[in-house]
Amino acid sequence: MVTISIPVGDYFQHTHDHESTSEILQGVARVKVGTQTFVMNMGELISVPADTPHSFENISQEMLLVSCGHKNS
């Protein structure tokens, strides 16, 4: 598991070659997975397929913390 800290108004975008699951630990995020966009709150989980561009944008007024777990193929 890796925890990513994203400041207010910032975002983190990436792609990797394995499936991943992320959980919002603090804050509110606008999450893009491929062409779909979601708003996620603390405690919510999302699974991302391998080779799919995805991003987490901090739309809250506090630090956004995202826990990411990867399933290596």
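The table for this structure:
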{"item": "Extreme residue, surrounded by the most Cβ atoms within 10 Å (Cβ to Cβ), among residues of the stretch 16-30 that are within 9 Å of Val66 (Cβ to Cβ) and under 11 Å from the mean Cα position of the chain (by Cα)", "result": "Ala29"}
{"item": "Looking only at the stretch 31-53, and only at residues there that are in a loop (DSSP other than H, G, I, E, B) and either under 9 Å from the mean Cα position of the chain (by Cα) or of a type in the set (Ser, Thr, Tyr) (or both), the one that is farthest from Val2 (Cα to Cα)", "result": "Thr35"}
{"item": "Filter pass, Ser5 being at pLDDT 95 or above, within 11 Å of the chain's Cα centre (by Cα), surrounded by 14 or more Cβ atoms within 10 Å (Cβ to Cβ) and part of a strand (DSSP E or B)", "result": "yes"}
{"item": "Single residue of the stretch 54-73 satisfying the filter (of a type in the set (D, E, K, R) and either more than 18 Å from Met1 (Cβ to Cβ) or touching a residue at least 60 places away in the same chain (Cβ under 8 Å) (or both)) that is surrounded by the fewest Cβ atoms within 10 Å (Cβ to Cβ)", "result": "Glu62"}
{"item": "Residues being surrounded by 17 or more Cβ atoms within 10 Å (Cβ to Cβ) and touching a His at 6+ places or on another chain (Cβ under 7 Å) - total across the stretch 34-53", "result": "1"}
{"item": "The stretch 54-73: number of residues that are at pLDDT 95 or above and either touching a Gly at 6+ places or on another chain (Cβ under 7 Å) or outside any strand (DSSP E or B) (or both)", "result": "8"}
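The values are calculated or read from the model by the stated rules, or taken from the named source; none is laboratory data. Keep in mind the model is a prediction, meaning the values are calculated, not measured. Note that we place each Cβ from the backbone using ideal geometry, even for glycine, and neighbour counts take in every protein chain shown.
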